[in-house]
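What follows draws every value from the coordinates through simple rules; no lab data is involved. Just so it is clear, the model here is predicted, and its values are computed rather than measured.
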Amino acid sequence: MNSKRIRFFIIFLIFSLLSACAGETFIFSGESDNWSVHYEVEKGDSCQPTSGAIKFIGNDHIPKKIEYSYDKASGDVSLDEHGVFMLPNGCTHATENSEIEVIIKWDNQSETINLTVK
């Protein structure tokens, strides 16, 4: 083989490997009267990496603190000045067919939001 063919083969091999590693991302979302939740799951072999956000969309004042729970994760956190909390990166076994339930509690109120793939 000449050097041009070898370089082409190496570049093709690298491109193929990188393309195979690029995962598909499932975007789960849901809303209630007061909250919007966005949750991303990157498809993987075992534990899929996750990220997302909870945003206050209600008409009342933005709560200072909330309690949340979903998909084996929970916390007692503060919202930023825009009413947003960025969910910590995590790991899940959820698939594109999963339905994820998020429970948010604040100021003696509670709402449950069902997230589905959009």
Item checked: Debye log10 I(q)/I(0) for region 64-111, one point scatterer per Cα, at q = 0.30 Å⁻¹ -> -1.23
Checklist line | Relative contact order of region 45-95, defined on C-alpha pairs under 8 angstrom at six or more residues apart (%) | finding: 52 percent
Next item on the list: Express in % the proportion of alpha carbon pairs of region 23-117 at distances exceeding 21 Å.
Entry: 27 percent
Check: What residues qualify as long-range amide H neighbours of residue 96, i.e. H under 5 Å apart, gap of 5 or more or another chain, H built at 1.01 Å from N?
Finding: none
